[in-house]
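Worksheet for the structure shown next.
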Amino acid sequence: MDIVVDSLTYTYPGQPGPALRDVSLEVRSGELCCLVGANGAGKSTLCCAVAGFVPHFYRGEMYGAVLVGGQDTVQSTIGELARRVGIVFQNPFDQITGATLTVFAEVAFGLENLGTPREETVARVEGALRRVGLWEVRDRSPFELSGGQQQRLAIASVLAMDPPVIVLDEATSQLDPSGTREVWQIVANLYESGKTLLVAEHKMEYVARHATKVVLMEGGRVVASGPPSEVLGRDDLEAHGVGRPPFMSVVRALREKGLWDGEVPLTLEGAAEVLRKVSGR
């Protein structure tokens, strides 16, 4: 399911200026598009616009359009959008309803609110929990889980709803390296299953490895959009508040010194291979 953002400008209530300024963007069905940029660049606001929280929940002043699967988010209700777009936020603790006693019940909460038949609900919840590796803790309280497990629980709650579009807004920002790897493995699996993914992320090594498209934002605007090698290879990337993965910086330095004339790899493994070739080993 495609996402099309057309000349979107949005201002939060009571704010002197727009958080998004004339943003246009297309994410094709089945793409894994990563939003990168410094804090305040507009990434979270754009994620909320795609999920319909902007303007339905936050209100404010909005111009332009956001289409998900051809449907205008402004003309759709939050309930309708929930069937098309699932969103996972930064803080996993904030996404737990507090209305359930077990992990299983937490994942079932959304489906029950939609009136999904019991047999289907049970099957969907089991599938989602197994997919994120939480089936064995299904009877535990959500508040007994680690931060990484709680974030996987939030993802499972979205997966159970089975929306074609999934948005992750800095979903790894409060996780340790182990938790980050767990979440990105799930993201990679979702991409392989054909989901359309919009991911705001600061950890560039994962963006470089997994994204099919990268959108660089600054000051509420889109500065650049394209393949990871193109956007993360920009000479002015740091000037826009984004640091490229260290291994990319190392290979770029080798190119500047004339020691390497090939492409800059997007993975640590690729950079290690370049270093082996340069060193003659």
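The values are calculated or read from the model by the stated rules, or taken from the named source; none is laboratory data. Only a predicted model underlies this, so the values are computations on that prediction, with no experimental measurement involved. All Cβ positions, glycine included, derive from the backbone under ideal geometry; neighbour counts span all protein chains shown.
Determine whether segment 64-79 contains at least one residue that is assigned to a helix (DSSP H, G or I), assigned by TED's automatic domain parsing to the domain that holds T180 and either over 15 Å from the mean Cα position of the chain (by Cα) or modelled with pLDDT of 95 or more (or both). Checked segment 64-79: at least one residue is assigned to a helix (DSSP H, G or I), assigned by TED's automatic domain parsing to the domain that holds T180 and either over 15 Å from the mean Cα position of the chain (by Cα) or modelled with pLDDT of 95 or more (or both). Could you tell me whether T212 is surrounded by 17 or more Cβ atoms within 10 Å (Cβ to Cβ) and either within 15 Å of L266 (Cβ to Cβ) or among the β-branched types (V, I, T) (or both)? In short, no. Looking across segment 52-99, just one residue is in contact with a Lys or Arg (Cβ under 8 Å, 6 or more places away or on another chain) and at positive phi, and that is G69.
Can you name every residue in segment 17-28 that is in a loop (DSSP other than H, G, I, E, B) and either small (G, A, S) or farther than 14 Å from G40 by Cβ (or both)? Scanning segment 17-28 gives G17, A19, R28.
When residues in segment 169-197 are screened for being out of contact with any Leu (no Cβ under 7 Å at 6 or more places or on another chain), in contact (Cβ under 8 Å) with a residue 12 or more places away in the chain and not in a helix (DSSP H, G or I), 11 of them pass.
If only residues of segment 20-34 that are closer than 10 Å to R221 by Cβ and in contact with a helix residue (DSSP H, G or I) (Cβ under 7 Å, 6 or more places away or on another chain) are counted, the one that is surrounded by the fewest Cβ atoms within 10 Å (Cβ to Cβ) is V23. Taken residue by residue, segment 43-62 has no member that is in a strand (DSSP E or B) and within 18 Å of the chain's Cα centre (by Cα).
Taking the conditions exactly as written (surrounded by fewer than 16 Cβ atoms within 10 Å (Cβ to Cβ) and not in a helix (DSSP H, G or I)), does G86 satisfy them or not? The answer is no for G86.
The lone criterion from (1) farther than 30 Å from N39 by Cβ; (2) part of a helix (DSSP H, G or I); (3) of a type outside the set (K, R) left unmet by G148 is number (1).
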